[in-house]
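Since the structure comes first, as structure tokens, the remarks are kept for the end.
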Amino acid sequence: MDYIRSFTNRAHSYSNAMDLYQNVLDEEIITAIENLELKKDDILLNVFAGGIPIDKYIKDELNITYFAFDMHKDFLENSIKQFTFDKIQMKSNSVNKIICIATLHHLSIDERDVLYKELNRILIPGGRLVIADVISDSPQAKWLNGFVDKYNSNGHNGLFFTNDDSKLLEKNNFKVDISINNYNWNFKDEECLLHFCKLLFGLDLCTDDKLLLNSIKEYLHYDNSKIPWQLIYFNCKS
């Protein structure tokens with residue numbers, strides 16, 4: 001389970017990044033919520049919710065019932081419950097919408113297969129699953145499996161996504177539409193950028209700020225207080 005190994009001894013650092021720089025990922029989370037197409041009184045499950053508090057972006061008038069789960073014990077706070085990829089403690093056909101942002105690249109294909117079955121079980125017929133993740137061979141993928149792998153003591157060996165990953169979802173009885181979404185991560189200044197990236201990516205082995213800044217510019221094309229970001233979206237109906 002690469003997800004558990006990846007966040008061992010750094011879940012607090014990841015959450016710290018989100019707490020200290022709450023608006024950096026505004027565009028990413030708003031994009032994800034737009035893809036959910038939330039309706040009034042929907043029941044929403046955020047899978048792998050540690051450090052990704054999407055509920056604060058949801059309009060109060062929608063009256064959404066929100067559940068947050070994660071597999072890593074170090075993320076279990078603020079009402080986040082623990083689950084395993086083969087068992088989510090929710091009744092069958094009990095959830096309208098499920099979202100999973102940029103975490104499934106830590107799971108193997110076999111693990112995803114089991115998880116997709118479980119997500120399909122708990123969705124109502126016609127419910128919606130939104131998976132947003134890193135695209136294979138993209139700047140984000142090269143950054144994570146290159147620079148982060150080298151300077152995070154846990155390493156990073158993500159299994160990233162292509163259009164072909166829709167086949168496994170379809171095998172598990174989902175109808176799938178694919179899109180690519182582009183937006184920015186926004187920073188007040190370079191000092192905030194560097195601190196955020198050290199925390200979020202767990203760059204405990206990188207002590208050279210100049211190296212870090214130049215690498216962010218090289219891999220991620222940081223310019224004018226923005227990192228352009230891109231994820232592939234699998235918008236699935238059960």
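The values are calculated or read from the model by the stated rules, or taken from the named source; none is laboratory data. The model shown is predicted, which means the values in this text are computed figures rather than measured ones. Heads up, the Cβs are rebuilt from the backbone with ideal geometry, glycines too, and the neighbour counts pull from every protein chain shown. Protein only, heavy atoms only, side chains kept; ligands, DNA and RNA dropped before computing areas. Shrake-Rupley method; radii C 1.70, N 1.55, O 1.52, S 1.80 Å.
General observations
- Solvent-accessible area of the chain (1.4 angstrom probe, protein heavy atoms only): carbon and sulfur portion equals 47 percent.
- Close amide H partners of residue 64, meaning residues 5 or more places away or on another chain with modelled amide H under 5 Å apart, are 41.
- For the chain, alpha-carbon Rg over 2.2 N^0.38 Å: 0.98
- Accessible area (Å², per residue) of the chain, counting only protein heavy atoms and a probe of 1.4 Å: 47
- For the chain, size of Cβ-based charge dipole, Lys and Arg +1, Asp and Glu -1, in debye: 660
- Convex hull of alpha carbon positions in region 173-226: directionally averaged projected area 5.7 nm².
- A probe of 1.4 angstrom, applied to the heavy atoms of all protein chains, finds residue 150 with accessible area near 130 square angstrom.
- Restricting region 25-74 to trypsin sites (Lys or Arg not before Pro) in coil, as DSSP defines it, with at most 12 other Cβ within 10 Å: 39, 40, 59
- Förster radius 41 Å - calculated FRET efficiency between residue 157 and residue 65, Cβ distance, rounded to 0.05: 0.70
- Computed over the alpha carbons of region 6-146, Rg followed by Dmax gives 14.9, 43 Å.
- The calculated P(r) of region 109-199, using every Cα pair and 5 Å bins from 0, goes 2, 10, 17, 17, 17, 14, 11, 7, 3, 0 in percent.
- Farthest toward positive dipole pole in the chain [+1 Lys/Arg, -1 Asp/Glu at C-beta], among 203, 193, 50: 50
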